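S.K.: The following block contains the structure, expressed as structure tokens.
The values are calculated or read from the model by the stated rules, or taken from the named source; none is laboratory data. If you're wondering where the values come from, they're calculated on a predicted model, not measured in any experiment. All Cβ positions, even for glycine, are placed from backbone atoms using ideal geometry, and neighbour counts span all protein chains on display. Remember, those area values only see protein heavy atoms, side chains included, never the ligands or the DNA or RNA. Shrake-Rupley method; radii C 1.70, N 1.55, O 1.52, S 1.80 Å.
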Amino acid sequence: IFTMVDIRSFPSESGIRFLECSGNPIYKKPYGKTASDLVGLLSCAEWTGVSLKLVLQEAGLQPGAKWVVAEGADAAALTRSIPIEKCLDDAMLVYSQNGERLRPQQGYPLRLLLPGFEGNMNVKWLRRLRVAAEPTYSREETSKYTDLMPDGSAREFTFYMEAKSIITRPSGGQRLSAPGFHEISGIAWSGHGKIKRVDVSVDDGKSWQEAQLQEPVLTRALTCFRLPWHWDGKTAVIQSRAIDETGYVQPTLAELLAVRGDNHFYHNNAIWPWRIAADGEVTNANA
Ligand SMILES: Nc1nc2c(c(=O)[nH]1)N[C@H]1C(S)=C(S)[C@@H](COP(=O)(O)O)O[C@H]1N2
Ligand SMILES: [Mo]
């Protein structure tokens, strides 16, 4: 048993990492109107705490350990099984966010942080870690956070948040005041590491231009991108696609639906194009 005093006496580390709910957004219509409707269950913060690897080693990790089962102290006792490889890689037990102690809503006093893994696995109000040879098959990894494929099979233990991006300016709900110069900007992120490139199309996907990335590009963190654009005042469809350091390219919604069907619920990382009308109004082109 480690108390919070014990945990806080370990050497600390900090990292800027995104955290995203894998239910962000849904596959079925009606789709959201704004960027926030589509990918609003997303944040990026500087987290401070201790390396989970260090804590496990200090506790005396035995060979044969394959999973760590993490349990929250909320009424639901949210329970998730984490593969040992992640626990011995960049997983952390965090007690601070953006330089202040965790807020109650974010898991005070202690939270598991698994950079790049779906939000649900980042257990708040952490009260127990159990080392096991098998996953526990809790509610949150069977009834929830598992997906039904078109052939009736279940896709389970989908940990990683795949590469994703969205244009936030201009985006749904906004209006371009007049034709002329407009900067296109947005955010990109990947659970597999750094964003390598973001392509932007202003002609409904016919051609793509490389956007400028804001430095520093951090691993498993939100990365801002920008592209100068001259809007000629005609109807246009603009969109962005992220490519991460593994070479993975963000898919279109049609590509995702073709493979997963719309009974799939989690891990929708599709491209979201915006339609610009002649009067400058911006709406969701997939809706
Ligand atoms: N103990 C506990 N941890 C939890 C949850 C929960 O209900 N209980 N919700 C999870 C889900 S579904 C997500 S998406 C993230 C949200 O983290 P945030 O509130 O810091 O944005 O926390 C996760 N950790
Ligand atoms: Mo979530």
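S.K.: With +1 assigned to the C-beta of every Lys and Arg and -1 to the C-beta of every Asp and Glu, and no other charges, what is the dipole magnitude of the range 151-287 about the Cα centre in debye, to the nearest 20?
M.R.: 200 debye
S.K.: Given a 1.4 angstrom probe, I'd like the percentage of the accessible area of the chain that is carbon and sulfur, rounded to a whole number.
M.R.: 51 percent
S.K.: Let me ask something additional. Once amide H atoms are built 1.01 Å from N in the peptide plane, which residues 5 or more positions from Glu281, or in another chain, come under 5 Å H to H?
M.R.: Answer set, sorted by chain and number: Leu176.
S.K.: Return the ratio Rg/(2.2 N^0.38 Å) for the chain, where Rg is computed over Cα atoms only.
M.R.: Dividing the Cα radius of gyration by 2.2 N^0.38 Å gives 1.09.
S.K.: Give me the net charge for the shell around Asp279: Cβ to Cβ below 15 angstrom, other residues only, Lys and Arg +1, Asp and Glu -1.
M.R.: Taking every other residue near Asp279 into account, the sum is +1.
S.K.: How many angstrom lie between the C-alpha centres of the range 1-47 and the range 101-139?
M.R.: First find each Cα centre; the distance between them is then 11 Å.
S.K.: Moving on. Dipole of the chain (Lys/Arg Cβ +1, Asp/Glu Cβ -1, origin at the Cα centre): which of Gln62, Ala242, Ser201 lies farthest to the positive side?
M.R.: Result: Gln62.
S.K.: Can you tell me how much longer the chain between Asp262 and Phe157 gets when fully stretched, taken as 0.36 nm per residue apart minus their C-alpha distance, in nm with one decimal?
M.R.: Roughly 35.9 nm would be gained on extension.
S.K.: Also, I was wondering about something else. My understanding is that a pair violates if its Cα-Cα distance is over 23 Å; which of Lys164/Lys196; Lys66/Lys194; Lys28/Lys144; Lys124/Lys144; Lys28/Lys164 do that in this structure?
M.R.: From Lys164/Lys196; Lys66/Lys194; Lys28/Lys144; Lys124/Lys144; Lys28/Lys164, over 23 Å: Lys66/Lys194.
S.K.: Assuming R0 = 35 Å, can you tell me the calculated FRET efficiency for the pair Ala278 and Ser43, based on Cβ-Cβ distance, to the nearest 0.05?
M.R.: E(calc), rounded to 0.05, equals 0.45.
S.K.: Sketch the reach of a paramagnetic label on Thr146 as a point 7 Å from Cα along Cα-to-Cβ, and name the residues of the range 74-89 whose backbone nitrogen lies under 18 Å away.
M.R.: 78-83
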